[in-house]
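Trainee: Please see the structure below; I have some questions.
The values are calculated or read from the model by the stated rules, or taken from the named source; none is laboratory data. This structure is a prediction, so every number in the text was calculated from the model and none was measured. We place every Cβ from the backbone using ideal geometry, glycine too, and count neighbours over all the protein chains shown.
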Amino acid sequence: MTDQHFGESGGKLSYGSYLRVAELLGQQVVVSDPAAHDELLFITVHQVYELWFKQVLHELTAARDRMLEGDAYLPRKALQRVHVIERVLIQQVQVLETMTPQDFLAFRAHLSPASGFQSVQFRELEFLSGARDPAYVQRMAQATTAEQDRMWKRLAEPSLWDAFVALVEQRGLPMGDENVRRASLLTIARAQPDEHADLWDLAEGLLEHDSLASQWRSRHVDMVERQIGTKSGTGGSSGAPYLRTRLAFRYYPELWELRSFL
């Protein structure tokens, strides 16, 4: 084979063709007519969310699969990356908040019945993380058959918590009922640094994922109230009041409760 150097591939690949920039930039299509100035911002921010959701699903699925195989290193590394992305998602809310309620109202009526509630990838993330409620799939009538299949598949698969429990059991610690799990988690927490440090770090990584998801939910509901108050959502939900009911939710309540027993 001849030696290949950068810039000598015969022009077969470019920045634009590799990243499909032309196709990507063609996806921001406003529906208001005449076009409301801030609709482009609204579309861009939510499309960026979906791109990050895709990456987070990629990382968390890999973390889950490797835990099931008995590995703690790659899952910790994947979770660290997810944490950084989730902090970006939280900060991204500020971009939407540069839009005033009046700016949003200029095109909001055109969105109905579309809603962020209908994000299939967000539901997959919740299912994979541990919020496994099939009612959400049943309520998403707008989803395609392929999207419905994806969500049902996520519900049937082991969650991150299932994988963590399996990993701990592979290390010889029982994870039967809640009391047994608490005793094993306390053993991990109180162990010498060279004994179960990787399991403790992994548990902390899951807890951080949970915490950042909670922070995003809180930041999101504040933004919604700032934009539309207590109006109903475009998809038919009660809007901010519904979102506030989700603020206390935890993916891994046993990891939070463990602090009370240390």
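Rundown of residues vs (1) more than 21 Å from E86 (Cβ to Cβ); (2) modelled with pLDDT under 95; (3) part of a helix (DSSP H, G or I), yes/no style:
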| position | (1), (2), (3) |
| --- | --- |
| R150 | yes, no, yes |
| K153 | yes, no, yes |
| W161 | no, no, yes |
| A189 | yes, no, yes |
| E195 | yes, yes, yes |
| D198 | yes, no, yes |
| S218 | no, yes, yes |
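Trainee: Could you say which residue among V88, V120, V137 is touching a Leu at 6+ places or on another chain (Cβ under 8 Å), aliphatic (A, V, I, L, M) and within 20 Å of R217 (Cα to Cα)?
Mentor: Of the residues listed, the single one that is touching a Leu at 6+ places or on another chain (Cβ under 8 Å), aliphatic (A, V, I, L, M) and within 20 Å of R217 (Cα to Cα) is V137.
Trainee: Kindly indicate whether any position in segment 34-51 is more than 26 Å from E225 (Cβ to Cβ), of a type in the set (G, A, S) and surrounded by fewer than 19 Cβ atoms within 10 Å (Cβ to Cβ).
Mentor: Scanning segment 34-51 turns up at least one residue that is more than 26 Å from E225 (Cβ to Cβ), of a type in the set (G, A, S) and surrounded by fewer than 19 Cβ atoms within 10 Å (Cβ to Cβ).
Trainee: Another question, then. Would you call L125 buried (at least 17 other Cβ atoms within 10 Å of the Cβ) and not in a helix (DSSP H, G or I)?
Mentor: It is false that L125 is buried (at least 17 other Cβ atoms within 10 Å of the Cβ) and not in a helix (DSSP H, G or I).
Trainee: Quick one: A189 ticks every box in (1) in contact with a Lys or Arg (Cβ under 8 Å, 6 or more places away or on another chain); (2) in contact (Cβ under 8 Å) with a residue 40 or more places away in the chain except a single one, so which number is it?
Mentor: Unmet for A189, out of (1) in contact with a Lys or Arg (Cβ under 8 Å, 6 or more places away or on another chain); (2) in contact (Cβ under 8 Å) with a residue 40 or more places away in the chain: (1).
Trainee: Let me ask another. In segment 251-262, what count of residues is obtained for those that are part of a loop (DSSP other than H, G, I, E, B) and at pLDDT 95 or above?
Mentor: Looking only at that region, the number is 2.
Trainee: With the structure loaded, tell me whether L19 is loosely packed, with under 13 Cβ neighbours inside 10 Å, out of contact with any strand residue (DSSP E or B) (no Cβ under 6 Å at 6 or more places or on another chain) and within 20 Å of R123 (Cβ to Cβ) or whether it fails that test.
Mentor: Against the criterion (loosely packed, with under 13 Cβ neighbours inside 10 Å, out of contact with any strand residue (DSSP E or B) (no Cβ under 6 Å at 6 or more places or on another chain) and within 20 Å of R123 (Cβ to Cβ)), L19 does not qualify.
Trainee: Continuing with this model, one more query. What are the residue pairs meeting all of these: first residue in segment 92-106, first residue at negative phi, second residue outside any helix (DSSP H, G or I) and crowded, with 17+ Cβ neighbours inside 10 Å, Cβ atoms under 6 Å, and 6 or more apart or on different chains?
Mentor: Listed pairs, sorted by first residue: M99/D38; D103/D38; A106/A36.
Trainee: Looking at this structure, is L255 within 21 Å of E126 (Cα to Cα) and in contact (Cβ under 8 Å) with a residue 24 or more places away in the chain?
Mentor: On the way: within 21 Å of E126 (Cα to Cα): yes; in contact (Cβ under 8 Å) with a residue 24 or more places away in the chain: yes.
Here the answer is yes, as L255 does meet what is asked.
Trainee: Does segment 237-250 hold any residues that are in a helix (DSSP H, G or I) and either at pLDDT 80 or above or more than 24 Å from P113 (Cα to Cα) (or both), and which are they?
Mentor: Scanning segment 237-250 gives a single hit, R244.
Trainee: On to the next question. Looking at segment 28-63, which of its residues are assigned to a helix (DSSP H, G or I), touching a residue at least 60 places away in the same chain (Cβ under 8 Å) and among the small types (G, A, S)?
Mentor: Of everything in segment 28-63, just one residue is assigned to a helix (DSSP H, G or I), touching a residue at least 60 places away in the same chain (Cβ under 8 Å) and among the small types (G, A, S), namely A63.
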